Amino acid sequence: MNQKRDPIGVFDSGVGGISTLREMIRELPDERFIYFGDMANAPYGTKNTEEVITCVRSVVDRLMEQNIKALVIACNTATGAAAAVLRDELSIPVVGMEPALKPASKARKNGSVLVLATPLTLHQEKFENLMKQYGEGAVKVPCPGLMELVEADDTEGAKRYLEKLFSRYPAETVDAVVLGCTHYVFLKDMIRGLLPERIAITDGNTGTARQLRRVLAAENLLNEEGPGSVELETSGTEKDIELMKKLLIQ
């Protein structure tokens, strides 16, 4: 059996990882992807680590039943909580994510770097290690409830939330903003409109897609013959599938 043609499993607690999936499709158009949105257990970012690991194991079991050749954790919170555990338990490559603090630090001059993320992501050891390397001037900005507004497709609610959030940080004191949750990437244009053009906005999606390519190539799993495809699955409802489809082509 040609393992190169086996699918790649991708998951998140909801629709956020669709933003990562879009980048992976651009980077690897010949690959087959199965995306699982765990809406029934969302959000992950307000759970404790053990609860997240339990949710993740359930999702991964479903994906492994479909003979995936690699796994992408398209969620910063789930990566911090479960990536090391999954790498110990699985025989396939596991690719995770991290907030794009490194590129944001390069854009920093004398101002601050606002790191927008879920409360759990900001308290994880993985993020603390990242802060030690690239965290000069970084400010942790927990955003409870923002992910849920993206899941609800509540554009106006998200705009009000962000306007209130950024009002606490004078624009002249900020050099960069890190979108430390894949859900927030869908708000990137909105955030761009709320901030001066000089402020850099970074996310980890492109880096994750490139890392997936490197890992597949190293393991001789790269499919360059196609045809590429995408399957969408959820623990939620048909309405969730429709939102994922909408965001995938957005």
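Read-outs throughout are calculated quantities, based only on the coordinates presented, and are distinct from any laboratory measurement. All values derive from a computational prediction rather than experimental measurement. Positions of Cβ are backbone-derived with ideal geometry, glycine not excepted, and every protein chain shown enters the neighbour counts.
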Q | Using alpha-carbon coordinates, inclination of helix 49-64 to the longest axis of the chain, degrees | A | 40
Q. Taking Cα pairs under 8 Å and at least six residues apart, what relative contact order does the chain come out at, in percent?
A. 31
**Q.** Two-site label geometry, MET190 and ARG168: point separation in nm, points 7 Å out along Cα→Cβ
**A.** 1.8
**Q.** Helical mean residue ellipticity (222 nm; -39500 (n - 2.57) per DSSP H run of 4+; nearest 500) of the chain
**A.** -13500 deg cm²/dmol
Q: Calculate the length of the line joining the C-alpha centroid of segment 7-63 to that of segment 72-134, in whole Å.
A: 15
Q. Can you tell which of ILE68, ALA84, CYS143 lies farthest toward the positive end of the dipole of the chain, using +1 and -1 charges on the Cβ of basic and acidic side chains (Lys, Arg; Asp, Glu)?
A. CYS143
Q) Using the Cα gyration tensor of segment 1-45, with a ≥ b ≥ c the square roots of its eigenvalues, what is the shape: rounded (a/c below 1.5), prolate (a/b larger than b/c) or oblate (neither)? A) oblate
Q.
Using the Cα centre of the chain as the reference point, and only Cβ charges (+1 on K/R, -1 on D/E), how large is the resulting charge dipole? Debye, rounded to the nearest 20.
A. 860
Q | GNM flexibility winner over the chain from ALA218, ALA171, ALA83 (Cα, springs under 10 Å) | A | ALA218
Q | Between helix 17-27 and the chain: long-axis angle, C-alpha atoms, 0 to 90°, nearest 10 | A | 70
**Q.** Contour minus Cα-Cα distance for VAL139 and GLU65 (0.36 nm per residue)
**A.** 22.5 nm
Q. Taking the chain as a Gaussian network, Cα atoms linked when under 10 Å apart, which of ALA176, ALA40, ALA138 shows the biggest mean-square fluctuation?
A. ALA40
Q. Helix 125-134 versus the longest principal axis of the chain: what is the Cα-based angle in degrees, 0 to 90, to the nearest 10?
A. 60
Q | Square roots of 5 times each gyration tensor eigenvalue, C-alpha, the chain, largest first, Å | A | 29, 19, 18
Q: Could you tell me which of ALA200, PHE33, LEU21 has its Cα farthest along the dipole of the chain towards the positive end, charges placed at Cβ (Lys, Arg +1; Asp, Glu -1), taken about the Cα centre?
A: ALA200
Q.
For the chain, set up a GNM with springs between Cα atoms under 10 Å and report which of PRO99, PRO119, PRO196 has the largest fluctuation.
A. PRO196
Q: Multiply the residue separation of ALA152 and ARG57 by 0.36 nm, subtract the distance between their alpha-carbon atoms, and state the gained length in nm to one decimal.
A: 31.7 nm
Q. Roughly how many nanometres apart are two label points built 7 Å out from the Cα toward the Cβ at ASN110 and GLU242?
A. 5.3
Q: Could you work out how far apart the two model spin labels at ARG5 and GLU231 are, taking each label as a point 7 Å from the Cα in the direction of the beta carbon, and quote it in nm?
A: 1.5
**Q.** Residue-wise HN-Hα coupling along segment 215-231, computed from phi with Karplus coefficients 6.51, -1.76, 1.60 (Hz; x: Gly, Pro)
**A.** 5, 4, 5, 5, 8, 6, 10, 6, 9, 10, 9, x, x, x, 7, 9, 10
Q: Work out, step by step, the length gained on full extension between ARG214 and ALA84: first 0.36 nm times the residue separation, then minus their alpha carbon distance; give nm to one decimal.
A: 44.9 nm
Q. Which shape class applies to segment 101-203: rounded if a/c is under 1.5, otherwise prolate when a/b exceeds b/c and oblate if not, where a ≥ b ≥ c are the square roots of the Cα gyration tensor eigenvalues?
A. oblate
Q | Electrostatic dipole magnitude of segment 101-203 [Cβ: Lys, Arg +1; Asp, Glu -1; Cα centre; debye, to 20] | A | 460
Q) Straight-line reach from LYS188: which lysines have a Cα under 27 Å away, not including same-chain ones fewer than 8 places off? A) LYS47, LYS102, LYS106, LYS109, LYS126, LYS132, LYS140, LYS159, LYS164, LYS239, LYS245, LYS246
